[in-house]
1. Looking only at residues in the stretch A:18-55 that are assigned to a loop (DSSP other than H, G, I, E, B) and surrounded by 15 or more Cβ atoms within 10 Å (Cβ to Cβ), which one is farthest from the other protein chains (Cβ to nearest Cβ)?
2. Within the stretch B:500-555, can you find the residues that are farther than 30 Å from B:Ala195 by Cα, in a helix (DSSP H, G or I) and either among the hydroxyl-bearing types (Ser, Thr, Tyr) or within 14 Å of chain C (Cβ to nearest Cβ) (or both)?
3. Among the listed residues B:Ala208, B:Ala218, B:Ala195, which satisfies the condition of being part of a helix (DSSP H, G or I), at pLDDT below 85 and not basic (Lys, Arg)?
4. Out of the stretch C:7-51, which residues are among the hydroxyl-bearing types (Ser, Thr, Tyr), assigned to a helix (DSSP H, G or I) and at the interface with chain B (Cβ under 7 Å from one of its Cβ atoms)?
5. So which residues in the stretch B:36-70 are exposed (fewer than 15 other Cβ atoms within 10 Å of the Cβ), over 30 Å from B:Ser139 (Cβ atoms) and modelled with pLDDT of 85 or more, if there are any at all?
6. Can you name the number of the only condition in (1) surrounded by 15 or more Cβ atoms within 10 Å (Cβ to Cβ); (2) free of Cβ contacts under 8 Å to residues at least 40 places away in the same chain that B:Lys385 fails?
7. Could you check, for the stretch B:145-156, whether at least one of its residues is at pLDDT below 75, outside the structural domain of B:Cys493 (by TED's automatic domain parsing) and among the aliphatic types (A, V, I, L, M)?
8. Can you name the condition, by its number, that B:Ile312 falls short on among (1) under 52 Å from the mean Cα position of the chain (by Cα); (2) touching a residue at least 24 places away in the same chain (Cβ under 8 Å)?
Amino acid sequence: MANEPDRIYIDKNDKAIYERIEKANIFNDKGNKDLFIYAMIIGFEQRLKEAVSSKLGFVRVDYFNDEDMALINSLAIIESKDIDMISERKTVYQLAEEYAHAGLKILNDKLEKVPYEVFESNLELEIITKYEAFLKASSKSKG
Amino acid sequence: MRITKLVMRNYRQYIDCTIDFEKKARRDLHVVVGKNGVGKTNILNAINWCLYGNEPHLAKDSEGMPVGNVRVLREAGQHKKVIVSVELHICLDKSENPAFFVRNAEYRLKAGEETPVKVGEDFSYFTRDNSGNTKIYRSGEASTYVQHFVPITLREFFFFDGEQLSNYFKEATGQKISNAIFELSQVDLLNRISARMERVLSDFRKDASANSPQIDEARKKYENDKEKLDQNKEELKTCQDQIAAAKDEIKRLQDALADYPNVEAMVERRKQLDHKLEDIDKAIKMKKLEKASKLYTSSKFTMHMPAIEQSIGLIDEKIAKGEVPPPIDPSVLEGVLSKNVCKICGAKIDTAAASRIKTLLKEIRTSKKVGQAILSMNPYLHRIKEELPEIIKEIKILGKDIADKQKDHKFTFAEKEQIQKKLEGFNEEKIVAYSKDLKKYEKLRDDKTERAGFLKSIIIELERNANESKKDWDEELEKNKKSEGIRNRIRFCEKAVQITTAAKNNILNDIRAKIEIETTNYFTKLIWKKDYFGDVSLDSNYYIHLFHKMGMECLGTISAGERGLLAFAFTLAMHKISGFDSPIIIDSPVHRISDENRSNIANVFAEVGEGKQIILLFTPSEYSSEVSTVLSNKANQMMLKMDVASNSTCLESYNG
Amino acid sequence: MERILDFIRSEVGADTLMLDFLKELVLFESDSPGWFKERYKEAIDRFIDGWDGRK
């Protein structure tokens, strides 16, 4: 479709942060798209987004695989509360970019605050806690 | 034979020094006292250099320095030569005919060089015959006379360093001692006679063969059998020598390793532990990376799970409602628009209808695109939901694995540290090398022992064959009347060989027995623990054994000082039994002997000095009152003094 | 050298001829000359007559 963006943009000031955090073990063998999605998810979880002022091309859209797209699209669906919204690719990507921009700051903060081993063990605890909370909430809603 | 005078010119510390060794009363005992560094040991080196051309007792800081006095060499200037000279004057036997050995080395300072270099050396022996004529022998011929005086193979028994004595039985192997006894006993003369006799015998046997072809055939057969026998005997002797040498090495290495049990095993274990630690570290690293990757995936999914769950709900609802995929096939509407005819009723499509169809088509196209996207993402969202608990489980397992490996690492490291501590202070490389060598020599000993056993059985067979063929040959000789004369000669030679061989073996056995007795006697005189030690014995491989009075062997457990005394007793016994008349020169004879035990040794020197020339070189502290009290009125005493002005050493009479 | 001769003496027993022969060889060898065959053969020729090998 015409006007469909061919790449995802980041704030140009975020480039240095991405370059720094990709050295962490957790991102071993991970590319730009994986870092972007991770930051996006963090931002979305906190429902924090921030407009990108000075854009820098970061990842080509065709580098995202189906699983990545599923995560990006699910974000757009929930944000807009309208499934059909996923046809508006420009909007979908813009949302992803804004959430990633905010999420990156949170991620960077977490990595800088504590030694890496502590970050990892905190993360592990967080995963278990959040998943258990999700399961609890899930079973409640099923009744 | 005795040394009468030593003259040193430009040799090391001695620019021009003459030492006269005059007898004192009936004793030929001489004491030279000098501080360390003044040139005491270089007297021994001078004698060695003169006779053999080398200096085995050189101090470390003199190694590599020229033999000549450094100041004289430097002051000589460019192109001027300096002659370094040592003359050793001796008196042969009872004839009192004087003779001397002299070695001269010429040094020159060449252009551009800082240190003078040796440009020539010569060695001569001067003697006078009974008619008073001077005879001069040079180089190789002169060296032959050195061999009569003190053969180079025996010099360590005549000219030695007291410090060497305490290491004597670690370094003097059975082989060395048997060689020395062989040389000292002069049985090489008998060996030579029997060897030469064999060659004459061989000629006679060939002559006998010329008398008849049968004799010749029998001779050839015998010689062939004898050759095979001799070859195997030779190989057996070589084997036995190798076994003895291997045993010497084994003993030396076992002594060296006695204080370091299991070092080799510990070093090997430490190596294994290092490899294990390396493997564990690698495994931990891999698992940590694997865990980190799973943390990435699981945290991503966990954080997004509410969104995923909601999305699944919405998508499933749309599918359930039949909205996905859309119910109308857009290609049908496209066909209607292009033909302007309704495909169902066939009516013409007007503008309004066309516009409605276009809007519907747009909606359907959008809906299709969305539908496609939804259908595509749905399975992934479901899969994420299913896989997440598995990934979380895997993370826990990895965590446990890592913890286990870290524990393993801790224990392995602790074991390694323990070994490391035990090995501290050991020269591991040396000990491991010793252990390897020990195994090598043990294998050599075992292999050669097996080979020797095999050879012994072959030799029995070959001896039988040789005796048979000899008998056949003798019979052929008997038959032939013409051979009677030659036959007699052969028998005569064979008898001579038999006698000289038997005499040689008896002499060696006799000497060995006498050395045992004399060593025991001297050792008893020298040692302070007189009721502790029993006999000394020399076994058939010429190993020394020392026994406690209770009968146990104790050579390996005695002190360095006691070992030095045993070595000295052994040397004196060798001298006494050998009949070799040459002088003994000892540098630092009471090294490692404590003060209170020195008087025993001094008394033995005094006693031995009655029949033999002994020259002793002491430092002032070694020539303590315990020694000087015994020797002062029995020895010719001299002192070395360094002249500060000329930086050279000269001799003075000893004034206590 | 005396010791060598004593030991030879004890081995030859009553064979005085052999003893004298070996004495001669010992004296000859104590100068350790290189040549020997003619000397040995000449000595053997001198001593062989009258030698009784049974002694």
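The values are calculated or read from the model by the stated rules, or taken from the named source; none is laboratory data. Values in this document were obtained by computation on a predicted structure and should not be read as measured data. Virtual Cβ from ideal backbone geometry, glycine too; neighbours counted across all protein chains shown.
1. It comes out as A:Val52.
2. Of everything in the stretch B:500-555, those that are farther than 30 Å from B:Ala195 by Cα, in a helix (DSSP H, G or I) and either among the hydroxyl-bearing types (Ser, Thr, Tyr) or within 14 Å of chain C (Cβ to nearest Cβ) (or both) turn out to be B:Thr519, B:Thr520, B:Tyr522, B:Thr524.
3. Exactly one of B:Ala208, B:Ala218, B:Ala195 is part of a helix (DSSP H, G or I), at pLDDT below 85 and not basic (Lys, Arg), namely B:Ala208.
4. Filtering the stretch C:7-51 down to residues among the hydroxyl-bearing types (Ser, Thr, Tyr) leaves C:10, C:16, C:30, C:32, C:40.
So of that shortlist, the ones also assigned to a helix (DSSP H, G or I) come out as C:10, C:16, C:40.
Matches in the stretch C:7-51: C:Tyr40 only.
5. B:Asn36, B:Gly37
6. (2) is the only condition that B:Lys385 fails.
7. no
8. (1)
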